[in-house]
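Take a look at the structure set out below.
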Amino acid sequence: MTSFTSHTRDLIQMLPKNGKLILMIVALALGAATNDLNASSDEDAKAVAALDTKYQAAVKSNDAATMDQILADDFVLVTGRGKVFNKADLLESARNKEVTYERQDEESGTQKVRVWGDTAVVTALLWIKGVAQPKRIDYKLWFSDTYVRTPAGWRYVFGQASLPLPQSESK
């Protein structure tokens, strides 16, 4: 590493004055670009976090119109039991109010968003409580929701839900 550093220093010293200036400008620009990428990723994470919270609220209120805006047309949800639902299934369930939710909320402090370019994954602990005709439901589960940036904005493309957690683990 030392020989590389001294070699680099020798190369820089050999540059003419305007070459050093150009090198400094390029180095500063690269540093600024890296900061912009990090800021963009943080902004994306905040946007996706808010969108996922909005989606959970739409499910809670059986707001099919908002769900329709957020879900990608080729959306897929896989439950902890391996059952697969698509966008049409979820919208129909909301329109028919198959579940009346008392709670459909992410547990405070559990939401984590990870962003990789145009893909983001949200994980959180979800508390679901209400009536799914004809029985009462009250359980917590972990989920991972995958969002993809499209020309129309972020869209929810894939969801994976755990099995309901045992009561002792969900508190």
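Using amide H atoms built 1.01 Å from N in the peptide plane, name the residues 5+ places from Leu71, or on other chains, whose amide H lies under 5 Å from its own.
Placed amide hydrogens put Tyr156 under 5 Å from Leu71.
Taking the alpha-carbon distance from Lys129 and a cut-off under 18 Å, which aspartates and glutamates remain once sequence neighbours fewer than 8 residues away in the same chain are dropped?
Answer for Lys129, where 18 Å is the Cα cut-off: Asp63, Glu98, Glu102, Asp105, Glu106, Glu107, Asp138, Glu169, listed by chain and number.
Residue by residue through the range 95-101, what is 3J(HN,Hα) from phi via Karplus (6.51 cos²θ - 1.76 cosθ + 1.60, θ = phi - 60°)? Round to whole Hz and write x for glycine and proline.
The phi angles translate into 4, 7, 6, 4, 10, 9, 8 Hz.
Stretched out fully, how many nm does the piece from Lys129 to Ser144 gain, at 0.36 nm a residue minus the Cα gap?
3.5 nm
Bear in mind these aren't lab numbers, they're just calculated from the coordinates by the rules spelled out. All figures in this text were calculated on a predicted structure; none of them were measured in a lab.
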